[in-house]
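**Q** Let me begin by handing over the structure; questions about it come next.
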Amino acid sequence: MQPLRDLKTEEAARLVGLLFDLDDTFLTDGLLRSQTYQALWDLSDAGLKLAIVTGRPVGWVEVLVRIFPVSGGIAENGNLFVVRERSRVQVVDSCVPDERRSRRIRLARLADEMRNRVPDAKVAGDAHLRASDLTWDIGEHQRVPPDRVAMMRDVVLAHGARVSVSSVHLHATFDAHDKATGALQFARSIWDADPTALRRSLAFIGDSGNDAACFAAFHTTFGVSNVADHMSALSVPPRYIASFPSGAGFVQVANAILQKRSG
């Protein structure tokens with residue numbers, strides 16, 4: 001990883017957009033700070049395309065896309081996305097309704113097994129807003145020890161589901177997407193660009209294990225400083241790292257991009 005000062009002018013100038021994670025990247029302890037929101041507007045005013053990429057539920061993302069200066073958002077670790085069309089937003093789910101219902105039934109069975117095997121596992125508070133996954137709280141309102149997280153992962157995998165872990169949640173899904181494939185599908189459909197070009201012209205900023213696919217997929221990637229706590233979960237680290245965590249780190253990255261582009 002390189003410090004932000006090593007970002008080259010030509011690399012910043014090549015960017016057409018920024019994809020950003022929410023929890024512990026854009027948000028700080030679950031809150032949106034005024035400086036961070038201003039940085040998002042500064043990026044938008046500079047003409048950069050912006051999109052949320054998060055493990056949070058599609059219900060959350062639908063609301064945020066209405067009020068943030070973004071083109072849309074990728075929700076539930078890539079499984080669904082939300083598109084802004086002027087004053088309207090549209091939720092896009094590539095899974096047909098019958099298959100989605102079938103997967104929800106399988107997730108319910110998995111939840112029963114989790115209650116039996118790991119009775120202290122707590123379903124995340126935003127579960128009722130989700131369409132494609134089931135999520136447990138491992139760091140949002142409680143700190144779950146690594147051995148218990150490993151046990152929860154084993155339950156998910158035993159059911160044939162995919163598992164991903166963020167700084168706050170453990171996710172189980174029967175969908176095939178990750179944050180990178182979901183983001184690229186979104187970008188191709190909304191911004192109509194070649195996938196290879198998108199990997200070089202879009203930047204990504206994140207902080208944790210469920211951001212691994214995006215750190216590997218895009219050429220220009222940034223980590224806020226708290227990404228250092230999750231390096232063991234990343235096969236490819238972010239290219240650049242901020243010296244501040246969470247929202248303050250997002251502001252640093254936004255300022256570095258804008259300064260290099262203007263210089």
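Read-outs throughout are calculated quantities, based only on the coordinates presented, and are distinct from any laboratory measurement. From a predicted model like this one, the values you see are computed outputs, not experimental measurements. All Cβ positions, even for glycine, are placed from backbone atoms using ideal geometry, and neighbour counts span all protein chains on display.
**Q** Of Ala242, Ala108, Ala203, which has the largest mean-square fluctuation in a 10 Å C-alpha GNM of the chain?
**A** The residue that fluctuates most here is Ala108.
**Q** Students often get this wrong, so try it: which of (1) 33, 25, 14; (2) 30, 21, 16; (3) 48, 24, 15 is semi-axes √(5λ) of the Cα gyration tensor in Å as calculated from the structure shown?
**A** Correct label is (2).
**Q** If you add up the charges near Glu11, with Lys and Arg at +1 and Asp and Glu at -1, over every other residue whose beta carbon is less than 12 angstrom from its beta carbon, what do you get? Don't skip to the end; give the middle numbers.
**A** Details: positive: Lys8, Arg14, Arg200, Arg239, Lys260, Arg261; negative: Asp6, Glu10.
Residues near Glu11 contribute +4 overall.
**Q** Is the C-alpha gyration tensor of segment 199-263 telling us rounded, prolate or oblate? Criteria: a/c under 1.5 is rounded; beyond that, a/b larger than b/c is prolate, otherwise oblate.
**A** Working: a/c = 2.69, a/b = 1.32, b/c = 2.04.
Since a/c reaches 1.5 but b/c is at least a/b, the shape of segment 199-263 is classed as oblate.
**Q** Taking R0 as 25 Å, what's the FRET efficiency between Glu99 and Arg153 from their Cβ-Cβ distance, rounded to 0.05?
**A** Rounded to the nearest 0.05, the efficiency is 0.55.
**Q** What list of ³J(HN,Hα) values in whole Hz, one per residue of segment 90-106 in order, does the Karplus curve 6.51 cos²θ - 1.76 cosθ + 1.60 (θ = phi - 60°) give from phi, with Gly and Pro shown as x?
**A** My calculation for segment 90-106 gives 10, 8, 10, 10, 6, 8, 5, x, 5, 5, 4, 4, 4, 5, 5, 5, 5 Hz in order.
**Q** Turning to a different aspect of this structure: Stretch Thr9-Gln259 to full length: gain in nm at 0.36 nm per residue minus the Cα-Cα span? Could you put the intermediate results ahead of the total?
**A** Working: separation 250, 0.36 × 250 = 90.00 nm, distance 0.87 nm.
The span from Thr9 to Gln259 would gain 89.1 nm if fully extended.
**Q** Would you tally the net charge around Pro145, using a Cβ to Cβ cut-off of less than 14 Å, leaving Pro145 out, and scoring K and R as +1, D and E as -1? Show your work: numbers first, answer last.
**A** On the way: positive: Lys122, Arg143, Arg148, Arg153; negative: Asp120, Asp137, Asp147.
Overall, the nearby charge balance is +1.
**Q** Oh, and also: What is the sum of charges, Lys and Arg at +1 and Asp and Glu at -1, for the other residues whose Cβ falls under 11 Å from the Cβ of Ala131?
**A** In short, 0.
**Q** Whose amide H sits under 5 Å from the amide H of Lys122, counting only residues 5 or more places off or on another chain, with H placed in the peptide plane?
**A** Asp137
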